[in-house]
Amino acid sequence: MATFHAADGAELAYSDMGPGGGIPLLFLHGWNGARALWFPVMEILAKRHRAIAPDLRGFGSSNGAPGPYRVETFADDLSALVAELDLDPLVVVGHSMGAAIAQRFAIDRPDAVEGLVLIAPVPAGGVAFPPPIDAFFRSIPGSAENANRWLSKLTYRPPSTEIAAVLRAAAAAAPAHVALESYESWTGLRFADEAATIATPTLAIAPAEDKPMTPDFVREHVVDLIEGSRLEVIEQTSHYLPVEAPDRIARSIERFVDSL
């Protein structure tokens, strides 16, 4: 693990794998996640590419950093990381909330982003969950029992003991106030009009069994919004497909990068 400093001086953690050649890949985790969730994918791709994954402000080993814990702040933090590691240009790969951050970063820094891969993405217009689902999400921060119930719904098949432990550790590392503020941010996003201006080549990957963010949801709210983007559906996977299908995700990313 290494650290970098955001514009406000906050110290944030990241991992850096692979050779220096080729276009760098920047991996962004989702809500209540951590950079370690990307390691199975990164270890495959690091044979050819430099692969970097930060713990977003407030999460993982960056959980001591001060707020705000909002999509816009997370995107701003990436500019500091890109500058410090000289990653421009790069391909940004985001999962769930991380995909919303990737879109925000591509809008703010189009010069730095050569490609976007959005996996089980939160759209730029946010997500309006029905009241019972919203209430359940709000019950997760600070409750190990509810966090485990939530995690149990995020894979198509039960994860291995090792992966389950990584998922639980990531969720447990996020302080309740961080999880709640960031949840408010990504569910309430309102920059769809700006996302419609993204000209960066974009691949959206949807797990076939994700609910409620189904492949049709991803097509309507992400792919149809970003001109020229395309959708790939991966069968027999659910929301956390990077940990249950890392080989398939890595192949999709590799094909996309090679096409740029």
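Please tell me if residue 132 is more than 30 Å from residue 48 (Cα to Cα), part of a loop (DSSP other than H, G, I, E, B) and without any contact (Cβ under 8 Å) to a residue 24 or more places away in the chain. No.
Consider residue 155 against the criteria (1) part of a helix (DSSP H, G or I); (2) of a type in the set (S, T, N, Q); (3) crowded, with 18+ Cβ neighbours inside 10 Å: it satisfies all of them except one. Which criterion is unmet? The single condition residue 155 does not satisfy is (1). When you scan segment 226-249, do you find a residue that is surrounded by fewer than 18 Cβ atoms within 10 Å (Cβ to Cβ), in a loop (DSSP other than H, G, I, E, B) and β-branched (Val, Ile, Thr), even just one? Checking segment 226-249: not a single residue is surrounded by fewer than 18 Cβ atoms within 10 Å (Cβ to Cβ), in a loop (DSSP other than H, G, I, E, B) and β-branched (Val, Ile, Thr). Taken over segment 139-152, the residue count meeting the criterion of being part of a helix (DSSP H, G or I) and either surrounded by 15 or more Cβ atoms within 10 Å (Cβ to Cβ) or acidic (Asp, Glu) (or both) is 6.
Taking the criterion of being over 22 Å from residue 73 (Cα atoms) and either of a type in the set (S, T, N, Q) or in contact with a Phe, Trp or Tyr (Cβ under 8 Å, 6 or more places away or on another chain) (or both), the residues of segment 109-148 that qualify are 129, 136, 139, 140, 143, 146, 148. For residue 172, the conditions (1) outside any helix (DSSP H, G or I); (2) out of contact with any Ser or Thr (no Cβ under 9 Å at 6 or more places or on another chain); (3) of a type in the set (A, V, I, L, M, F, W, C) are fulfilled apart from (1).
Restricting to segment 175-220, and then to whatever is touching a Gly at 6+ places or on another chain (Cβ under 6 Å) and in a helix (DSSP H, G or I), can you tell me which residue is surrounded by the fewest Cβ atoms within 10 Å (Cβ to Cβ)? Only one residue fits best here, namely 176.
Every number here is computed from the coordinates shown, using simple stated rules; none is lab data. As the structure is a computational prediction, the values presented were derived from the model and not from experiment. Note that we place each Cβ from the backbone using ideal geometry, even for glycine, and neighbour counts take in every protein chain shown.
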